[in-house]
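Colleague: Pasting in a structure now, in structure tokens, and then I'll have a few things to ask.
Nothing in this text is a laboratory measurement; each read-out follows from the coordinates by a stated rule. Keep in mind that what you see is a predicted model, and the values were worked out from it rather than measured. All Cβ positions, even for glycine, are placed from backbone atoms using ideal geometry, and neighbour counts span all protein chains on display.
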Amino acid sequence: MKQKLWLWLFCLCALPAFAQTPAGVSGKVIDELTGDPIAGVMVVLRENNQTAYTGEDGAFVFHPVTHGKDVLSLNAADIQSKEIPVDIPRESSLDLGIIQVTRRPMPVQQLAGVIDEAQRATEDDDTGLSQDVSAMVIFSNDVFLQNAGYQFSQFRFRSRGYENRFEDRYINGVNFNDQIRGVFNYSSIGALNDMTRNGDAVNYFAPSSFTFGSIGGSENINMRAGNYTRGGKVTLSLTNRNYYARAMGSYSTGMQDNGWAFTASVGGRYSHEGHIEGVFYRNISYFVGLEKEIAGGKHRISFVTFGSPVERGQQGSSYQEVYDLVDNNLYNPNWGYQNGKKRNARVVKSFDPTAILSHVWKLGENTTLTSGVAAHYSRYGGSALNWYNGPDPRPDYYRYLPSYNRDNQKAFDYYTYLWKTSSDESIAQLDWDKMWEANHLNNLQGDGSAIYMMEERRKDLFETALNSTLNTQLSPEVKLTAGIGLKHSLSKQFKTVDDLLGAQYVLDIDKFAERDFAGDRELIQNDLERPDRKVYTDDVFGYDFRFRVNSADIWWQQEHTYRNIDLYYGAKLKYTQFQREGKMRNGRYPANSLGKGKMHRFTDYATKAGITYKLNGRHFFTGNISYQTMAPLVDNVYISPRITDLTVNNMKSVRVFSADLNYIFSLPSLMGRVSVFNTHFYDDVDHMSYYHDSERTFVNHVLSGIEKVHQGIEVGLNYKLNENWNFDVIGTTGEYYYANNPEGVISYENGKGDIMAETAYMKDYYVGGMPQTMGTFGINFFYDYWFLNLNINGFAGNYIEIAPFRRLASNYAGIQPPGTGGFDENLYDAYRFFTHQEKFKGGYTLDLGIGKIWYLANRNSINFNLSVNNLLNRTDIRTGGYEQARINLDYPNRFASKYYYMQGINCFLNMSYRF
């Protein structure tokens, strides 16, 4: 049966499509300033009641059409709407050629280059918690998505509450979602904004010319050299973010008469220290692209290579008590002075060199085959402090806070005084000199091993990918798109000695296991093949393993276009296999830690369908439905991947059912979309790690069988008062919550406790880390290429991210409810405290933007743009937070939640010269 299905799908991909082109209307929409094509513009042929969207080349086509007078309407979120009267001839096609439109320089154009700033690398205590920002749609010309992409990103908003792994990202037709975490790494294209300005986007699961799609939408960044307009551009940006200066330069020859095109770009971002103390940024980027047209454009062969190495310090989360003590909600506990200079303990070093070879083959008038192969290497390392037989060096460790001494008023007052009056940062920040001194004394009086040291936790990734997509017009009403994809991933996860801080060496044993099993030298070894090994700077120690993931998929979709009804349907089949390979034989799991582990295989499928009813050329009603299964992420299913091959039992594919209804309208003065959506997730898997105080070790907690519901409403409206003034009303409200009580598996890395399975009572808790209600009202002004916009943003319904460990029944055994024998009010209050989900306060912010474009001779131009977010300098807005997994029923406040706050006033000045 499977063989027949594959054969049928391949036959569909190879269907001939060389039918004669019927009479129609066609054209190409470009930016009148840059000459760049604009994708995603909704083009409506009013009297013919037909709708089309421009592709990545800005082109659109209608066929067949009825002759006579008609009106062509062009609408998109980032252009000045335009209507063109047309007279369609009786027996021939009408080619409108180039159609120039005025493009508003929206701040969202900067998003691709700076999205990585908002992404926070996870700390050990934070693993499994979504402390990242969803990468919003860059290219979408949907009124809601484009405005939400920029205006709401500062609030850590995620469209429909979806995680990043449900968004597909392509470059030149090749998929770039990694197979370990399932996401696209936006830092790989940092400071390459000029190279990422062209592309195509698909809203949610709508039909696409380059992918089957995903519920979170899809994007294809077009980096082919021949798609850039001839000329150059230099840009200088100043800001008060994690970096304070950005410079970029690019030049393109355009497609020349000899069929060659060349494009290059360099860029960089820098700050010795950004807006947050201890946070720095050093980055340089490059891009080179070459393209050749062959046989009069029948073949286009493109090669591009790019990279964006970066080194940046990180900000850490902390307790509200600490923020209040230092009177600074942007307090950063990750830094301190060493020899009089600031040093950050959390430094990320990453580099993602990438190469893509692609081929566009025009098989006929109505058929195109686009293929691409890519190779991508990601070097990612994050530094962190490690210590052994010494006090915890973190300044905001809970035992160093006044609240730990609430039962001793003198101690409480003393620590409060120290925190509030310390001028040398010895209390509120890391004390590097003290750590160095401790190591030095151990060199003189002890064995010379490191009490304190810096380690770098590496997550390197090498991937190769191939995608091939066929687009063909089977008939005037029917379009077929089909494709195949292959991908191989090798993830290398290990840690190295980064800095011994003056010590002589580190002993490669599990310090947590030694506390309980010091008499068993085998049990505490990280690598039994090299017991009691001394490691030095740059040596690998602790853990070292590989993930290998391979996948293959094939898909198709068919679109039917008629006068009053459009419909589409499609299917996808995907095979995935993954395996762990250990490079160390761990003492806690000697039998299943070294060598290749069990191979896990999944066969998944997806189906989707949608229909559009066109009431007339201005009002459209659409409905979409999809069901898919997805292999679980390899990062989530292993119980303790650092030391063993064990996985959760009965692994299942994640199942996703999604449906939405939409009303889309395009009136002379008003355009927009109103949508309702409902998405169910079944059998999802999540993995998190935390430190367990009583067991004195790191604990891995894997949840399986998770069910979630995401449902809500989206509204995006743009009202055009006249040629100068228009207004945006963008909003969404929803409910994103857990719908069941999943099974959890807990394992202790020191081997002290047995692996335990227990239900986590999470049903009806909200998915945290983002506002579930967001809205903005925007006022936009345009005159003589002056642009002004003012936005008032409102937000509500942001919940803390819950720790499943706090919702295990075993933690509260013996606690009786009120009115029963043995009731203890203090214990019961502690139970309620640990199981309550905190809801953050709502609020509002104000954003302002102003820009101007000056045209010079030969169509050269100067562009100035200033955007100011959080104009009212609100510093009390919590953008996220998470519960700690640790609990103490006698002292419930000792393990308070940690929070992130929004930066105050945030400015970005952008100046560019195009020639």
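Colleague: Apply 1/(1 + (r/R0)^6) to the Cβ-Cβ distance of Ile294 and Leu871, taking R0 = 60 Å, and write down the FRET efficiency to the nearest 0.05. Mind showing how you got there, number by number?
Modeller: Values: r = 53 Å, r/R0 = 0.88.
For Ile294 and Leu871, the calculated efficiency is 0.70.
Colleague: Turning to a different aspect of this structure: Consider a paramagnetic label point 7 Å from the Cα of Phe665 along Cα→Cβ; state which residues of segment 712-732 have an amide N under 13 Å from it.
Modeller: Only 716-720 pass the distance filter.
Colleague: Which of the aspartates and glutamates could be linked to Lys608 by a straight reach, that is with a Cα gap under 19 Å, when you skip same-chain ones fewer than 8 residues away?
Modeller: Within reach: Glu167, Asp168, Glu219, Asp553, Glu559, Asp566, Asp660.
Colleague: If you don't mind, there's one more thing I want to ask. Please give, to one decimal in nm, the separation of the simple spin-label points placed at Asp890 and Gln80, each 7 Å out from Cα toward the Cβ.
Modeller: 7.3
Colleague: Another question about this same structure. Report the extension gain between Ala809 and Ala59 in nm, rounded to one decimal, defined as 0.36 nm multiplied by the number of residues separating them, less their alpha carbon distance. It would help to have the intermediate numbers written out before the result.
Modeller: Numbers: separation 750, 0.36 × 750 = 270.00 nm, distance 5.99 nm.
Using 0.36 nm per residue and subtracting the Cα-Cα distance, I get 264.0 nm.
Colleague: Return the sequence-ordered ³J(HN,Hα) values of segment 63-74 in whole Hz as given by the Karplus equation 6.51 cos²θ - 1.76 cosθ + 1.60 applied to θ = phi - 60°, using x for Gly and Pro.
Modeller: Result, ordered by residue: 5, x, 9, 8, 5, x, 6, 8, 10, 9, 10, 10 Hz.
Colleague: Additional query: Which FRET efficiency value, to the nearest 0.05, do you get for Ala375 and Phe781 by plugging their Cβ-Cβ distance into 1/(1 + (r/R0)^6) with R0 = 30 Å?
Modeller: 0.05
Colleague: Output wanted: per-residue J couplings in Hz (rounded whole) for segment 618-624, from phi through Karplus 6.51 cos²θ - 1.76 cosθ + 1.60, θ = phi - 60°, x for Gly and Pro.
Modeller: Result, rounded to whole Hz: 10, 10, 9, 10, 10, x, 9.
Colleague: Counting only residues 5 or more places away or on other chains, whose amide H sits under 5 Å from the amide H of Asn242 once H atoms are built in the peptide plane?
Modeller: His275
Colleague: List the pairs from Lys479/Lys708; Lys487/Lys596; Lys69/Lys614 whose alpha-carbon separation is above 26 Å, in the order I gave them.
Modeller: Numbers: Lys479/Lys708 35 Å; Lys487/Lys596 20 Å; Lys69/Lys614 20 Å.
The answer is Lys479/Lys708.
Colleague: Quick one, which of (1) 0.98; (2) 1.06; (3) 1.13 is the actual Rg/Rh (Cα atoms, Kirkwood Rh) calculated for this model?
Modeller: (1)
Colleague: Just to check I understand the Karplus step: with θ = phi - 60° and J = 6.51 cos²θ - 1.76 cosθ + 1.60, what whole-Hz values come out for segment 532-546, glycine and proline as x?
Modeller: Residue by residue, segment 532-546 yields 6, 6, 8, 10, 10, 3, 6, 6, 7, 8, x, 7, 6, 8, 10 Hz.
Colleague: Any of Lys349/Lys534; Lys495/Lys841; Lys574/Lys763; Lys434/Lys495 with alpha carbons more than 29 Å apart? Name them for me.
Modeller: From the list (Lys349/Lys534; Lys495/Lys841; Lys574/Lys763; Lys434/Lys495), the Cα-Cα distance tops 29 Å for Lys495/Lys841; Lys574/Lys763.
Colleague: Be a star and scan segment 314-336 for residues whose amide nitrogen sits under 13 Å from the point 7 Å along the Cα-to-Cβ vector of Lys420.
Modeller: Correct set: 324-327.
Colleague: For labels at Ile755 and Gln409 in the simple 7 Å Cα→Cβ model, what's the distance in nm?
Modeller: 5.3
Colleague: Moving to a separate point now. Just report the Cα centroid separation between segment 754-768 and segment 445-496, whole Å.
Modeller: If we compute the Cα centre of each part, the gap is 29 Å.
Colleague: If I take R0 = 30 Å and measure r between the Cβ atoms of Phe621 and Ala552 in this structure, what FRET efficiency does the formula 1/(1 + (r/R0)^6) give, to the nearest 0.05? Don't skip to the end; give the middle numbers.
Modeller: Numbers: r = 37 Å, r/R0 = 1.24.
Result of the calculation: an efficiency of 0.20.
Colleague: Here's another thing I want to ask about it. Beyond 25 Å between alpha-carbons counts as too far, so tell me which of Lys752/Lys839; Lys720/Lys852; Lys652/Lys752 fall in that bin. Please list the in-between numbers first.
Modeller: Values: Lys752/Lys839 36 Å; Lys720/Lys852 20 Å; Lys652/Lys752 29 Å.
Check vs 25 Å cut-off fails for Lys752/Lys839; Lys652/Lys752.
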